[in-house]
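Notes follow once the structure below has been shown.
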Amino acid sequence: MAQTHFGYKTVDETEKASKVAEVFHSVANKYDIMNDLMSGGLHRLWKHFTISKAAVRPGQKVLDIAGGTGDLSLSFAKSVGLERETGGQVWLTDINASMLGFGCNRLIDKGYYLPCVQVDAEQIPFPNNYFDLTTVAFGLRNMTHKEVALKEMLRVIKPGGKAMVLEFSKPVDALKPIYDAYSFKILPWLGEKVAGDSESYRYLAESIRMHPDQETLKTMMESVGFDKVEYHSLTGGIVALHIGYKY
């Protein structure tokens, strides 16, 4: 049976999805609070940068994969407009029901009634060439077969469209000692104090270290068929935004 990583542990591929699901079922109700605490609010700036680079227009169709609490979906919905008026669509998707429910309710509270669908990014249930943009923010590293998910993202975007991956990456050398100390000491402590769950946040720190660095992910995206891939390192490389284009 094929093996894969769950943080620093090696597990059967068939086990990873359920283990990741347990993590996000556990943290869903504290996800927004923990994001602010973990990043010092920087996650909002990273997402704002992503939204600005997306530059979606009225009438376009957007697929938000592993959309979590709906931050990106909400911003995109404001730009593409309502389907009955502009033809625009924004689909909020997540493989985890707890995260999806939290995000969908948040959108409704904001007055946006978007389609919210539980979707496995490795088997996206949409036709070829349907979306103008696909996005995944802080979700790719949790997927068992990243290349499969990236290929699916490529498949469902139109020629002229793009896929955007916002994810933790490899920081510059000067930041590594501080970043490691924060990730493996402060982060699990915060998880215990705020969410009552240190192990899930220890996994999140480990999963970041196992994720491909900037150049490796760029090569991975090129290998599945993107015609052009660029990336932007943010906050000293702690996070990177990769953009893949389809011509």
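The values are calculated or read from the model by the stated rules, or taken from the named source; none is laboratory data. All values reported here derive from a predicted model rather than from experimental measurement. Cβ coordinates were reconstructed from backbone atoms using ideal geometry, including for glycine residues, and neighbour counts include every protein chain displayed. Protein only, heavy atoms only, side chains kept; ligands, DNA and RNA dropped before computing areas. Shrake-Rupley method; radii C 1.70, N 1.55, O 1.52, S 1.80 Å.
Could you look through segment 163-216, keep only residues that are in contact with a Phe, Trp or Tyr (Cβ under 7 Å, 6 or more places away or on another chain) and of a type in the set (D, E), and pick out the one that is farthest from K228 (Cα to Cα)? Across segment 163-216, the extreme among qualifying residues is E206.
Here K170, K162 are screened, and the one residue that is under 24 Å from L45 (Cβ atoms), basic (K, R) and open to solvent by 70 Å² or more (accessible area, probe 1.4 Å) is K170.
Here Y113 meets the list (1) at pLDDT below 95; (2) surrounded by 14 or more Cβ atoms within 10 Å (Cβ to Cβ) almost entirely, failing just condition (2).
Looking only at residues in segment 131-151 that are touching a Phe, Trp or Tyr at 6+ places or on another chain (Cβ under 9 Å) and not aromatic (F, W, Y), the one that is nearest to H48 (Cα to Cα) is A137. In segment 140-206, counting only helices (runs of 4 or more DSSP H) that sit wholly within it, none holds 3 or more residues that are out of contact with any strand residue (DSSP E or B) (no Cβ under 7 Å at 6 or more places or on another chain), among the acidic types (D, E) and within 30 Å of Y130 (Cα to Cα). For Y182, the conditions (1) open to solvent by less than 40 Å² (accessible area, probe 1.4 Å); (2) over 16 Å from the mean Cα position of the chain (by Cα); (3) of a type outside the set (G, A, S) all hold with the exception of (1). Within segment 60-110, the set of residues being assigned to a loop (DSSP other than H, G, I, E, B), open to solvent by less than 20 Å² (accessible area, probe 1.4 Å) and either on the phi < 0 side of the Ramachandran plot or at pLDDT below 90 (or both) comprises G67, G68, T69, G88, N96. All conditions in (1) under 16 Å from the mean Cα position of the chain (by Cα); (2) surrounded by 18 or more Cβ atoms within 10 Å (Cβ to Cβ) hold for R202, with the sole exception of (1).
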